[in-house]
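Here the structure comes first, spelled out in structure tokens, and everything after it is commentary.
The values are calculated or read from the model by the stated rules, or taken from the named source; none is laboratory data. Small disclaimer: the values here were computed from a predicted structure and weren't measured. Glycine also receives a Cβ, built like all others from the backbone with ideal geometry; neighbour counts cover every protein chain displayed. All accessible areas refer to the heavy atoms of the entire protein, side chains included, with ligands and DNA or RNA removed. Shrake-Rupley method; radii C 1.70, N 1.55, O 1.52, S 1.80 Å.
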Amino acid sequence: MNCINKTLSFRVISAIAERWRNLKVRLYKMSSLDFSHSFEMTNLVVIIGILFLVPVSSIAQPVVKIGSKLFTESVILGEITSQLLDVNGINTEYNEQLGGTRILWNALLAEEIDVYPDYTGTIIQEILQKNEIDNFEELEFNLKSFGVGITKPLGFNNTYALGMNKEKAQELNLNSISDLRSVPELKYGFSNEFLDRNDGWKGLSEFYGIEAENVTGLDHDLAYRGLEAENIDVIDLYSTDAEIEYYDLKVLKDDQSFFPTYQAVLLYRLELEKTNPKAITLLEQLENTIPEQTMIAMNSAVKLDKRTDEEVASEFLKETLQLNTTIERNTLWDRLLINTLGHLYLVGISLGLAILIAIPLGVTAAKIKAVEGAIIGFVGILQTIPSLALLVFMIPLLGIGSVPAMAALFLYSLLPIVRNTHSGIKGISEPVMESAYALGLPNTVILKKIELPLALPTILAGIKTSAVINVGTATLGALIGAGGYGQPILTGIRLDSTALILEGAIPAALLALLVQGFFDLIEKWATK
């Protein structure tokens, strides 16, 4: 196992990790681990005290990268697409639960993914923002200007709707969206994407003239819990949600026809028509094969019957296209291993780079008065940026996957180390420094032999703080396909599975404690 030179720049590390992602690595897949892929690199990744080498085999042909949004239906459609291509001999990389519409669309334009499922209404209203598009041919034409192709509809319309507890709706005599105008005191709980979309609450409330007093954004799957617990009165629904029937909800009639048609389709990069025409032919086989009731049944199988997305997708392909796909089973320990390696990969590289950059920055701030305020202020500002926002900001620059996640974690790790290095050096007593200067020692010797050793406990405390924060924040990387412990947490929220949430949360907490203990030992050893 080779070690990367400690002086490698952040740009070099990003390039290495970019190559890793493009060589078709699936560090994590909830119910299907694949250890057949390999790294095709000589030098891999730096981690403080830990170095990984993950072997992978060479790839015989270009990989078709598939993405999906956070909600179950999108994950199932992505899984169907992935298995359809795989069983027909096309290598795929499936990045599930990547986030909302904009993340997937931007990833498609940036060639980070090649295919993902979406809906015609979403494309027209949210992506293209062209209300005048009223037929499929015009939609197809507009997408071509972005280098994006679209399949014909898959067979069902999954429109937005508003829903309530049936008893509550009957009590207030609410049957349509217009009726909501008479009860402004109702508590609304909408998915964060719906809350800000023009074809969501933002446009709906203006269109219907609804003046609500209490509107909250939250995860779509958690909204059902809030409705059941009566903490929320009204939520947004997808018309194919299995929970509508399960919770016996009242779907309020869109009596003024605000919501457009949301036919499910697959968007793909037009470049695929040249580089992998077989893939496009296979995608077209899914056109008009999924009736609404079939999609509802698949959602129900995953959300309510607790079957895996892979199983449900495989069963659909067998029944509809007579294709037999193979589903690999794995244990909790298998998943725990791959999640741990993925999480350590994210944390180790970002923290290692932060140490290499932050300590010199802290020294510079302590030594050069002219830049002291600028350095401390800059790393302080970075810490104030919300972690999720920082991850999203990284996507246009670095794409999806581990690279933007590590970049964000690197930036978050700077402040405690820079600040503690600066404080440690500035806190050395004046008599000690005067003695060093009186001896005529060079500044570099004073720094190396006196200042850094005396400041070491404070510096290590900053590194320890960064490491613990890094471990927790890294779970958010799963939102952009970075893997790690965040993956089972996201899936657990989506499937309302406490066991899956704990599968990610408990190891993340234990890892944070282990990291803290590790640096405690280093601190004791270094200060003997």
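Annotations
- √(5λ) per eigenvalue of the Cα gyration tensor, the range 216-331, largest first, Å: 32, 21, 14
- Mean separation of Cα contacts under 8 Å (6+ apart) over length of the range 135-255, as relative contact order %: 39 percent
- Using the Cβ-Cβ distance between VAL251 and LEU452 with R0 set to 56 Å, the FRET efficiency works out to roughly 0.25.
- Full extension of the segment from GLU140 to GLU273, taken as 0.36 nm per residue of separation minus the current Cα-Cα distance, would add 46.4 nm.
- D_trans [Stokes-Einstein, Kirkwood Rh over alpha-carbon pairs] for the range 374-528, 4 °C, 1.567 mPa s, µm² s⁻¹: 73 µm²/s
- Stokes-Einstein D (µm²/s) once Rh is taken as the Kirkwood radius of the range 287-350 over alpha-carbon pairs, at 10 °C in 1.306 mPa s: 111 µm²/s
- ³J(HN,Hα) computed for each position of the range 377-390 - Karplus, 6.51 cos²θ - 1.76 cosθ + 1.60, integer Hz, glycine/proline x: x, 5, 5, x, 5, 4, 5, 7, 6, x, 4, 5, 5, 5
- Using the empirical formula 2.2 N^0.38 Å as the baseline, the Cα radius of gyration of the range 138-192 reaches a ratio of 1.84.
- Residues ASP496 and SER178, FRET efficiency given R0 of 35 Å [Cβ-Cβ distance, rounded to 0.05]: 0.65
- Spin-label model, GLU111/ASP305: points 7 Å from Cα along the beta carbon direction are separated by 4.2 nm.
- Per residue, the average separation of C-alpha pairs within less than 8 Å and at least 6 apart gives the chain a relative contact order of 17 percent.
- More than 22 angstrom apart: percent of Cα pairs within the range 433-512: 50 percent
- Ligands, DNA and RNA excluded, the heavy atoms of ASP305 present near 100 Å² of accessible surface to a 1.4 Å solvent probe.
- Rg(Cα)/(2.2 N^0.38 Å) for the range 84-137, N = residue count: 1.36
- If the convex hull is drawn through the Cα atoms of the range 386-467, its volume per residue in Å³: 105 Å³
- Dipole of the chain, positive end: most advanced residue of PRO488, ASN192, VAL432 [Cβ charges, Cα centre]: VAL432
- By the rule of a C-alpha distance below 14 Å, with chain neighbours fewer than 8 residues away ignored, the aspartates and glutamates paired with LYS187 are GLU211, GLU213, GLU228, GLU230, ASP233, ASP236.
- What a 1.4 Å probe finds exposed on the chain is 56% carbon and sulfur by accessible area, rounded to a whole percent.
- Scaled against 2.2 N^0.38 Å for its residue count N, the alpha carbon radius of gyration of the chain is 1.10.
- Fraction of the pair-distance distribution of the range 48-201 above 26 Å, Cα-Cα pairs, percent: 44 percent
- Cα pair count fraction exceeding 17 Å, expressed as % - the range 196-260: 45 percent
- Debye intensity ratio I(q)/I(0), log10, the range 287-403, q values 0.23 Å⁻¹ (C-alpha model): -1.22
- Helix-only CD estimate at 222 nm, as mean residue ellipticity for the chain, using -39500 (n - 2.57) per DSSP H run (n ≥ 4): -16500 deg cm²/dmol
- All-pairs Cα distance distribution in the range 163-238, expressed in whole percent, bin size 5 Å: 3, 17, 28, 28, 19, 4, 0
- Gain on full stretching of the segment that runs from PHE378 to GLU230 - 0.36 nm per residue minus C-alpha separation: 48.8 nm
- Per residue accessible area of the chain, 1.4 Å probe, in Å²: 44 Å²
- Remark on the range 117-267: hydrodynamic radius 16.2 angstrom, per the Kirkwood mean of 1/r across alpha carbon pairs.
- Dipole of the chain [Lys/Arg +1, Asp/Glu -1 at C-beta], most positive-end residue of LEU286, THR240, PRO416: PRO416
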